[in-house]
Structure formats: structure tokens, C-alpha cells
Amino acid sequence: MDFSFTPDQERFRETARAFAEKRLAPDYQRRERTDALERSLVREMGSLGLIAPVLPEALGGLGLDCITMGLVTEEIARGDFNVCYVQLLAALNGQILARHARPELAAEWVPRLCRGEVLLALALTEPETGSDAAHIKLKARRNGEDYLLNGEKTSISFAHQADAAITFARTGGEDEGAHGVSAFFVPLDSPGIHRTRFEDVGSAVVGRGSLFFDDVKVPGAYRLGEEGRGFTQVMQGFDFSRALIALQCLGAAAVSLEETWSYVTERKAFGAHLAKFEGVSFPLAEAETLLEAARLLCYKTLWLKDHGKPHTAEAAMCKWWVPKTAFEVIHSCLLLHGHGGFGKETPHQQRLRDVMGLEIGDGTAQIMKLIIARERVGRVAVPY
Ligand SMILES: Cc1cc2nc3c(=O)[nH]c(=O)nc-3n(C[C@H](O)[C@H](O)[C@H](O)COP(=O)(O)OP(=O)(O)OC[C@H]3O[C@@H](n4cnc5c(N)ncnc54)[C@H](O)[C@@H]3O)c2cc1C
């Protein structure tokens, strides 16, 4: 067993860390108050190969492994949790396109994604259907060579600023469940699309919103994978994004923890540095332990993926446990800053709000636990 990263992985991590410290961290709090991500910043990450290095070289990526993608994710999130949605969604959507799109479509969009010229959203959730994703209703009806899409997607990250969305729609009957779902690539400037935006407690610069589809014409060549197989084929990519989400949350918690160690070694009470009191240092020591265990779980999951081994249960473990752990660690850090922690000038309150979103997004803890149970004992452990 070898727990070390390779020299190449370490080099890449250094590039990401330097960029995050210099270009992202100083504006994390200011960026929350802006309307959309600065596209020039996204392009800058693209020029450094920091958006989706895991994608194939032939499509503009660097062909690097999933562990490197994890390192980049963790480092970018240390600088700005919200900017890291760029990496998360590019890695997920880019892999879906690379695997399931027609070659011409992938060649048109994936290199632009890697260069930071476009943002892609993933549209699965609907007003009546979130966790029970196999029962989505948005309808895709054949119309000659094309499809016509009608319905609503909601709670979609980047909805107001994405250039296109991988959209799941029902091509079969409602009684067919997952077997009647197909995936489509939909440019969001297509006629018939209307977008709205929500007001959230966190990740405001990412933005969530609804996408309304009113007879939106999508070419048959933009279907991803086979008709009726969208759910099973395309959703496989979610195991990857679950480990990345965990590292995103972990990165944010790790910075709060480091900042809190600094604070408690400087501030004094009762004639001593706060760090002298076990009531202060022990919660931080526990947080160190939890984050170390979380990091091992995440990189093991990515290692399994890199080696072509099953990792669905491990990815679900990452997704339910690490965002929750990160939230709790950041909460402890906020409290250990005393009254200052409750103020908006310190970043812990923002990290807390931002991380909470990904306790829900991409699947809740309950759904992850259903997946783990299913992996262990089969379908007897799931609702249907
Ligand atoms: C920050 C954020 C970003 C998001 N980004 C996207 C995005 O980009 N694209 C997208 O498509 N969606 C996105 N979502 C939506 C997200 O994936 C859904 O909110 C999530 O899957 C839960 O669905 P729901 O909100 O409909 O909750 P519901 O499915 O209605 O569940 C409500 C509650 O009941 C619990 N529950 C449901 N079924 C069961 C069960 N069988 N057993 C036990 N408990 C159960 C859930 O865990 C939850 O606590 C995002 C959400 C957030 C908060």
C-alpha cells in the first residue's frame, strides 16, 4: 500500500494551490456578492489546465487521472468553494460528453469547456421529482429527426449563466421509470427556453434556478447514449462527482481549520493562549482526525475509479459523510472565533452556508445511504 501522490500529481496540486491562493481566496467573500462568475477568471483556469485535466487530450483535456482531478478540486475549493463548481460540473459533464455524445458534438463542446469558454449545467431535478430521479416527467417527443422537449427542470446550478445543459427527459412512458429516460445536450440559447433564478442562503454566485422548456427543438444527434438508457448509462458519472463534491467540501473545511489553529495560538484568555485549553484544542484535534479520514476515503474512491474497480458504495459514503463532517468542522471553527466568528467579515459563516448546499445537491444523505445498503444487500434495501 502506498499513500503518497506521484511527483506529477504533487506538481499539479502546487499549480492549483498557487492559483487558488493568489487569484481566488482574496475575493471569496466579495465574489459572493456578484451576479455571475467572472468568465475571464474561468478562462484563466482553463489556460492553466485547471478545469478538467481528467478529460482526454484529444478533447482538450490533459488525460490525467481522477486522483489529480481530486487534488485540483480540493485546492480550488480551498480558495473559493463556489468557483470550484466549475471543476465539478466540467469534470462530470465533460466525461458524460466524452463517453456518450456523438464525436462531432463532443469535439465542438468539450475543448471549449476545458478552455473555460463555456459553462455547462446538468439538469435532472424537477419540481415534483428530486431524489426519486427515475420518475422525472419532462417530456421529449420525437419530431422527425429531432425531439421536442416540454416541461420544467428546477434547482439547477449555473441555470442563469450556463451555455448549455445536459438534460434528462422522458422518451418512454411514465410507467417505465428509469428505462424511459434519455439524456440530451441542449444549448440554452435554443428557442423556447426560459430561465429563472432563486435566492439561496449560500453559493449565490453559482446560482440555482429553473429551466422551462416550451417545445424546445433538440436534434436527434444531440441525444447522449441510447434512447431510454440515459439514466443508467449517463448517471454512472455521478460516482465520480460524489467524490469530487466531498473534496470540495473538505477543502473549505481544511482552510477554516488552519485559520482557527492560527487564531487560537494568538488570542489569549485567562492569561494564556486559547490553544492551551483542551476545550479549545481537542475539538480542533478531532477535526484534524475527521478530515484526515475523509481525505483517505475520497482519494481511495478516486483510486478505485482510476483502477477500473467498483466504487459506487465508496462514492456514496463520500457524499453523505464528508459534506456533513465539513459543515460540523466549520461550525466548530466559527464558534472558536467567539463573537468575531458570527460576523460577516470572517469567512466561516459563508463556508458554512456554501457547504450546506452540497449536503443536498447531487443527492441527500438518505439517498446515499440507500445506495450503500443496495450495494451491500441488493434491491431488497431500496424502495423499488
Ligand atoms: C446547492 C444545490 C445545488 C443543486 N444543483 C443541482 C443541479 O445542478 N442539477 C440538478 O438536477 N439538481 C440540483 N440540485 C437538486 C438536488 O439534486 C435535489 O434537491 C436533491 O436530489 C433532493 O431532491 P428534492 O429536493 O426534490 O428532495 P426530495 O426528494 O423531495 O426529498 C426531501 C427529503 O426527503 C428525503 N427522502 C426522499 N426520499 C427518501 C427515501 N426514500 N428515504 C429516506 N429519505 C428520503 C430526502 O433525503 C430529503 O431530506 C441542487 C440542490 C442544491 C441544494
Taking the stretch 235-381 and dividing mean pair separation by its residue count, relative contact order in percent (alpha carbons under 8 Å, at least six apart) = 31
Quote the accessible area belonging to Ser155 in square angstrom, nearest 10, computed with a 1.4 Å probe and with ligands, DNA and RNA left uncounted.
-> 40
HN-Hα couplings for the stretch 282-290 via Karplus (6.51, -1.76, 1.60; θ = phi - 60°), in whole Hz with x for Gly/Pro, come out as 5, x, 6, 5, 5, 4, 4, 5, 5
At a Förster radius of 22 Å, what calculated FRET efficiency corresponds to the Cβ-Cβ distance of Ser262 and Ala18, to the nearest 0.05?
-> 0.65
Mind checking which lysines have their C-alpha under 22 Å from Lys369, skipping anything on the same chain fewer than 8 residues away?
-> Lys300, Lys305, Lys309, Lys319, Lys324
Taking amide H positions as placed in the peptide plane 1.01 Å from N, state which residues far from Ser155 in sequence (5 or more) or on other chains have amide H under 5 Å from it.
-> Gly209, Ser210
Within the set Arg99, Arg351, Arg242, GNM on the chain using Cα springs under 10 Å gives the largest fluctuation to Arg99
Could you work out the local net charge near Leu122, counting Lys and Arg as +1, Asp and Glu as -1, over the other residues with Cβ closer than 10 Å to its Cβ?
-> 0
Ordered by number, the trypsin sites (Lys or Arg not before Pro) in the stretch 1-94 that occupy a DSSP loop and have at most 10 other Cβ atoms within 10 Å are Arg33
Over the chain, calculate the relative contact order: mean separation of alpha carbon pairs under 8 Å at least 6 apart, over the residue count, as a percent.
-> 15
Any idea of the accessible area per residue across the stretch 121-228, 1.4 Å probe, to the nearest Å²?
-> 40
For Arg112, placing the label point 7 angstrom along Cα-to-beta-carbon and taking the stretch 162-198, residues whose amide nitrogen sits under 20 Å are 162-168, 184-195
According to the square roots a ≥ b ≥ c of the eigenvalues of the Cα gyration tensor, what is the shape class of the chain, taking rounded for a/c under 1.5, prolate for a/b larger than b/c otherwise, and oblate for the remainder?
-> prolate
Please report, in debye to the nearest 20, how large the charge dipole of the stretch 235-381 is about its Cα centre when each Lys and Arg carries +1 at its beta carbon and each Asp and Glu carries -1 there.
-> 420
Keeping all protein chains in place, calculate the accessible area per residue for the stretch 235-381 (probe 1.4 angstrom), answer in Å².
-> 47
The answer for the stretch 7-118, accessible area per residue at 1.4 Å probe in Å², is 39
What percentage of the solvent-accessible surface of the chain, computed with a 1.4 Å probe over protein heavy atoms, is contributed by carbon and sulfur atoms?
-> 55
Over the stretch 7-118, what is the relative contact order in whole percent, taking alpha-carbon pairs under 8 Å and six or more residues apart?
-> 36
Proximal charge balance of Glu44 [Cβ under 11 Å; K/R count +1, D/E count -1] | +4
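The values are calculated or read from the model by the stated rules, or taken from the named source; none is laboratory data. This structure is a prediction, so every number in the text was calculated from the model and none was measured. Glycine gets a Cβ as well: all are built from the backbone with ideal geometry, and neighbour counts include every protein chain shown. Protein only, heavy atoms only, side chains kept; ligands, DNA and RNA dropped before computing areas. Shrake-Rupley method; radii C 1.70, N 1.55, O 1.52, S 1.80 Å.
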